[in-house]
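Take a look at the structure set out below.
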Amino acid sequence: MLSVHLHQIKACKFLSSFFLCMMVIMITVCYGATDPNDLKILNDFRKGLQNPELLKWPENGVGDPCGNPPWPYVYCHGDRVTQIQSKNLGLKGSLPQNFNQLTELQNLGLQRNNLSGALPSFNGLSKLEYAFLDYNEFDTIPYDFFKGLTSIRILTLEMNPSLNASTGWSFPMDLKDSLQLTNLSLVHCNLVGPLPDFVGTLPQLLNLRLSHNKISGGIPNSFGQSSIQVLWLNNQEGDGMSGSIDVIASMIFLKQLWLHGNKFNGEIPQNIGDLTSLKEINLNGNQLVGLIPDSMGNMNLDKVDLSNNMLMGAIPKFKAATKLSYASNFFCQKQPGIQCAGQVNALIDFLHNLNYPSILSSEWSGNDPCGGNWIGLSCNQNSEVSLINLPRRNLRGTLSPSIAKLNSLVRIMLAHNNISGRVPSNFTELKSLSLLDLSYNNVEPPLPKFDDGVKVVIDGNPLFDEDHGKSPTPKPTPSRYWIEGSVASVKKRGKSRKGVLLMFGVEMQWFMWAGPALKFSVRQGS
């Protein structure tokens, strides 16, 4: 009897489990495994396409993206959509503006399609880690697109050249909260304006690609503390990026640096050799001046492009494995590893102290100052520089002691510039020197003691007076005076007459009145 009861109990348990399973299946069939809101957004996406058949999703929108089998290109965790991977399908159309309601989305791959129209805001997609939207035709990006992307690691919008076509769009300040960001690519997507300082402080940023935009200004100093390994800032349209590139010498993790096609100026930093991980550097088409640092020749570089700048001096010898381009500069020699003549080195040092003025850097080319068109120089019959004649050239900087190596100099004429600092003491070693004209600059005392045969002209230097150091005589302070008076009547030849007085005086310049008798007083005006 007990055995019969046990069998009945087991049978009841089996039937209970069976009916429970059936109920779950029926609920699943009726309502689906996918969150209804996620399903709606996917259907909105499908409806916005001109060629939705490429997705192979149900035409009528009926189905279960997260069910079994799932929809193509859709991946879920439980009932929530976490990935959409439909790259390179040729999709045409737009994205739904409620796209950011896919709040569990982690990975979005829509690259290399023909999607167009306005991008939806991604504000609120706090779990999104990967967003690939590159190589499409989007034309508008909302101001809050990047807000709240606190988990984003890789974000690429490159090759969407018409984004906010008429005005462009600024680098998104909201990315300062994206502390997990490692890769950011905004190549050729109409980005305008300067780069904000916070970009260099993003702790995980390794790859920053911003080529072919309209970015202006310089490289922020904060980049010197960054972990960036790949930096593309090349080919900015309009005025381009400008300023010094000194900060790159502190970017010790750099592997690839593209700065070509801009207006960067100044010198290549001398300590660039500290970048031991650097493999490729492209500085083509800027306004860089001065010498190529010798340390570059010792670097393990695969590719170097220094063409189309205003670099001077000798080309250091690079390692054999380095592919080197250096055309269209002003080097003294045509081949690497050959040094300049002594006179050329001295004159390049002269330019260095004057910050390499372009009017001279572009003309002082080659290895013979006496055999080419070196503006402002003259030579004697022995092909030695005997005259530096560069008045009114807007030269700014200091005088280089290297000038003393030009032993045959007879005259140095540098009047009416903005030269500052002291005259180097070794200028007194120029035994042929007869004239040093530094008038109307900002030269500082004291002067070195030259031989009596050397005429030194320093008129118009504010720190010197006409007597070379004596205190200037005070000049009278201009004063304004007014004459106040009354006109007295006088009798002349029996007739009564009145005189008219024109009364003023400026800086002790007086207009005197000769006429009828006057009574007047004088007071000093304010």
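Kirkwood Rh over Cα pairs of region 36-172 into Stokes-Einstein at 10 °C, 1.306 mPa s: D in µm²/s? Estimated via Stokes-Einstein, D reaches 105 µm²/s. Seen from Val81, the other residues with C-beta closer than 15 Å to its C-beta sum to a net charge of -3, counting Lys and Arg as +1 and Asp and Glu as -1. Once backbone amide H atoms are built at 1.01 Å from N, Gly290 has Met312 as its partners under 5 Å, excluding neighbours fewer than 5 places away on the same chain. For region 248-353, the Kirkwood hydrodynamic radius from C-alpha pairs, put into Stokes-Einstein at 10 °C and a viscosity of 1.306 mPa s, yields a diffusion coefficient of 114 µm² per second.
What does the charge count around His188 come to, taking other residues whose C-beta lies under 15 Å from its C-beta (Lys +1, Arg +1, Asp -1, Glu -1)? Net of charged neighbours comes to -2. Summing +1 for each Lys or Arg and -1 for each Asp or Glu among the other residues whose beta-carbon sits under 13 angstrom from that of Asn43 gives -2. If you plug the beta carbon distance of Glu129 and Asp452 into 1/(1 + (r/R0)^6) with R0 = 51 Å, you get a FRET efficiency near 0.05. The residues of region 127-208 expose, per residue, 40 Å² of accessible area to a 1.4 Å probe.
The values are calculated or read from the model by the stated rules, or taken from the named source; none is laboratory data. Keep in mind that what you see is a predicted model, and the values were worked out from it rather than measured. Counting neighbours? That spans all protein chains shown, and the Cβs are built from the backbone with ideal geometry, glycine included. What goes into the accessible areas is simple: the full protein's heavy atoms, side chains included, and nothing from ligands, DNA or RNA. Shrake-Rupley method; radii C 1.70, N 1.55, O 1.52, S 1.80 Å.
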